[in-house]
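**Q** If you scroll down you'll find the structure; I have some questions about it.
The values are calculated or read from the model by the stated rules, or taken from the named source; none is laboratory data. Everything quoted here is computed from the prediction, not taken from an experiment. Here Cβ is always computed from backbone atoms with ideal geometry, including for glycine, and neighbour counts include all displayed protein chains.
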Amino acid sequence: MDDCGSPVLRRLLEALPDAVEETHARLGDATARVGRSRIVEVLQLLRDDPELEFEMLTDLTAVDYLGEEPRFEVVYHLYSVAKNHRVRIKARVAEDAPEIESAVALWPSANWMEREVWDLYGIHFRNHPDLRRILLYEQFDGHPLRKDYPKEKRQPLVGPRN
Amino acid sequence: MSESNDPTTTRPRSLEERHSQRAVEYLRQGGDSFQTTRVDAVLNWGRKYSMFLYPFVTACCGMEFMSVAGPRYDIDRFGCALPRFSPRQSDLLMVVGTITQRQAPILKKVYDQMAEPKWVFAFGACVCSGGPYNNYATLQGIDTIIPVDVYVPGCPPRPEAVLDGLMKLQARVQAERVPAGGRHRETDDLPLQVVEKPVA
């Protein structure tokens with residue numbers, strides 16, 4: 001697979017060639033799509049390898065590609081303060097089993113971002129210490145950033161005791 | 001009725017006659033002028049020019065509200081100046097800015113805490129109807145949870161529109177009947193009810 005001239009992708013492909021499904025570096029952003037089951041392995045390598053040293057998880061989010069299979073994609077944006085380089089890691093997640101391993105053990109900052117993805121997309125993060133809704137409320141039914149969430153759907157108003 | 005038919009009675013026949021008798025007595029004692037009116041008219045006149053407003057400001061319309069309240073447009077000229085930041089002391093609820101699903105129960109609580117008589121002013125498109133936001137997060141108009149007296153749409157409304165709305169509200173207040181049991185509107189028949197959050 002092509003490393004697209006990125007030292008980060010080259011190192012990743014060298015260490016875990018079978019985990020990477022696709023790479024590109026469009027607009028200068030090195031990106032690798034990896035297998036869902038290998039995600040922790042890949043992230044662990046990116047964090048701990050002396051050549052990579054991605055000590056910072058800048059963003060963790062998801063995309064709903066309704067109609068494609070697998071439907072969801074979880075996206076990790078990593079940054080290395082020591083090496084001043086970035087990488088984007090993606091993993092596809094199927095609709096019938098929307099779950100992926102949690103990254104909280106690697107970066108504590110993943111905690112709230114994974115809760116947000118669970119809240120709005122309904123993707124379950126295995127081994128997350130406290131996977132609750134973070135923006136919406138417990139009585140909310142559904143995950144509103146899914147493309148098939150009905151726009152007109154109204155939810156109950158839940159408030160403090162009057 | 002039997003009294004008024006009795007020619008020997010010394011009491012005046014009607015309310016009007018009693019009033020005019022009192023007026024004559026007042027003039028005889030040295031008074032030089034008087035005016036008759038109804039209790040409703042006096043009460044409402046007092047109410048409409050001494051609105052204490054509660055600014056429930058949640059979003060960008062707040063800037064426009066500050067402009068109306070400031071010296072250039074000066075809502076004080078219309079007797080609606082003093083913002084009270086306690087719902088107990090205010091009688092005009094100014095709802096200014098987008099009301100989200102999470103904010104709506106708080107708005108309902110503030111409304112319920114206000115003493116009668118109270119009025120509600122819907123300031124801006126979001127408050128009137130949800131405005132540009134038709135999604136899972138936004139309340140589609142506050143009239144789904146509390147009664148509204150005057151709607152001023154606009155994104156945001158011009159200060160002139162707000163002043164016009166306020167004058168329309170004052171005309172409405174002036175025309176109100178003051179019932180013996182107080183002025184009260186139920187919110188039970190409105191489309192959305194607040195579900196109580198379970199206490200942890």
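**Q** Name every residue in the range A:72-85 that is surrounded by fewer than 21 Cβ atoms within 10 Å (Cβ to Cβ) and either in contact (Cβ under 8 Å) with a residue 60 or more places away in the chain or under 14 Å from A:Pro98 (Cβ atoms) (or both), in order of residue number. Write out each step before concluding.
**A** Applying the first criterion (surrounded by fewer than 21 Cβ atoms within 10 Å (Cβ to Cβ)) to the range A:72-85 yields A:73, A:75, A:77, A:79-85.
Those that are surrounded by fewer than 21 Cβ atoms within 10 Å (Cβ to Cβ) and either in contact (Cβ under 8 Å) with a residue 60 or more places away in the chain or under 14 Å from A:Pro98 (Cβ atoms) (or both): A:Glu73, A:His85.
**Q** Could I ask something else about it? Inside the range B:19-32, can you point out the residues that are under 27 Å from B:Ala175 (Cβ atoms) and modelled with pLDDT under 80?
**A** B:His19
**Q** For residues that are β-branched (Val, Ile, Thr) and more than 10 Å from chain B (Cβ to nearest Cβ), scanning just the range A:115-162, find the one that is farthest from B:Tyr111 (Cα to Cα).
**A** Among residues in the range A:115-162 that are β-branched (Val, Ile, Thr) and more than 10 Å from chain B (Cβ to nearest Cβ), the one farthest from B:Tyr111 (Cα to Cα) is A:Ile123.
**Q** Can you tell me how many residues in the range A:125-162 are among the β-branched types (Val, Ile, Thr) and touching a Pro at 6+ places or on another chain (Cβ under 9 Å)?
**A** Total meeting the criteria: 1.
**Q** Could I ask something else about it? Of the numbered conditions (1) free of Cβ contacts under 8 Å to residues at least 12 places away in the same chain; (2) touching a helix residue (DSSP H, G or I) at 6+ places or on another chain (Cβ under 7 Å); (3) closer than 25 Å to B:Val127 by Cβ, B:Phe34 fails exactly one; give the number of that condition.
**A** All conditions pass for B:Phe34, except number (3).
Per-residue answers, yes or no, for (1) in contact (Cβ under 8 Å) with a residue 24 or more places away in the chain; (2) under 23 Å from B:Leu190 (Cβ atoms); (3) not β-branched (Val, Ile, Thr):
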{"position": "B:Tyr136", "(1), (2), (3)": "yes, yes, yes"}
{"position": "B:Gln140", "(1), (2), (3)": "no, yes, yes"}
{"position": "B:Ile145", "(1), (2), (3)": "yes, yes, no"}
{"position": "B:Val152", "(1), (2), (3)": "yes, yes, no"}
{"position": "B:Pro156", "(1), (2), (3)": "yes, no, yes"}
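Conditions (1) touching a Ser or Thr at 6+ places or on another chain (Cβ under 6 Å); (2) within 13 Å of another protein chain (Cβ to nearest Cβ); (3) in a loop (DSSP other than H, G, I, E, B); (4) not basic (Lys, Arg), marked per residue:
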site: B:Val95; (1), (2), (3), (4): no, no, no, yes
site: B:Arg102; (1), (2), (3), (4): no, yes, yes, no
site: B:Lys109; (1), (2), (3), (4): no, yes, no, no
site: B:Ala115; (1), (2), (3), (4): no, no, yes, yes
site: B:Ala122; (1), (2), (3), (4): no, no, no, yes
site: B:Cys128; (1), (2), (3), (4): no, no, no, yes
site: B:Gly131; (1), (2), (3), (4): no, no, yes, yes
site: B:Asn134; (1), (2), (3), (4): no, yes, yes, yes
